[in-house]
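J.: First the structure, then my questions, so here it is.
The values are calculated or read from the model by the stated rules, or taken from the named source; none is laboratory data. Keep in mind that this is a model prediction, so the values were computed, not measured. All Cβ positions, glycine included, derive from the backbone under ideal geometry; neighbour counts span all protein chains shown.
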Amino acid sequence: MAEDAPAGPAGPVRVIDARRPPAGLGWPTSGILDLAATVPIGSISWRQRVQVHGRVRSLRVRPWGEVLTLEVVLVDETGGVTAVFPGRRRVPGIRPGTLLTVEGMVGARGNRLTVLNPHYDLRPFPV
């Protein structure tokens, strides 16, 4: 056991810096999302895990049950999808016109495709 690793009841405790993804998991070192893995919004379908990139067209806060929820409409040249952030009234850096990449499971609400509680990335999309 390494001398600098604290010991827990099951052995050494591994400390992970939440600001950086752990090495060896296949995640890009510059961020959680691999921007090269995006698909056009028009190609997504219900119950599919996707990563899409587009421009924020609009934001609105509305109740989903008892919880206020931020809905972000994301569009590209092929279509649009709503990213839903439960319990949030705003997300720093996200406003109309922002380029945004989101990743998550596609669901539906009111005949619209949604990505509920997505991972997101505000980095510029590679050309």
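J.: Here's a check for you: in region 23-66, which residue that is surrounded by fewer than 10 Cβ atoms within 10 Å (Cβ to Cβ) and among the aliphatic types (A, V, I, L, M) is modelled with the lowest pLDDT?
T.: 25
J.: Looking only at region 88-111, how many residues end up being under 15 Å from residue 48 (Cβ atoms) and surrounded by fewer than 16 Cβ atoms within 10 Å (Cβ to Cβ)?
T.: So the answer is 3.
J.: Of the residues 75, 84, which is within 14 Å of residue 119 (Cβ to Cβ), part of a strand (DSSP E or B), within 16 Å of the chain's Cα centre (by Cα) and touching a residue at least 24 places away in the same chain (Cβ under 8 Å)?
T.: The unique qualifying residue is 84.
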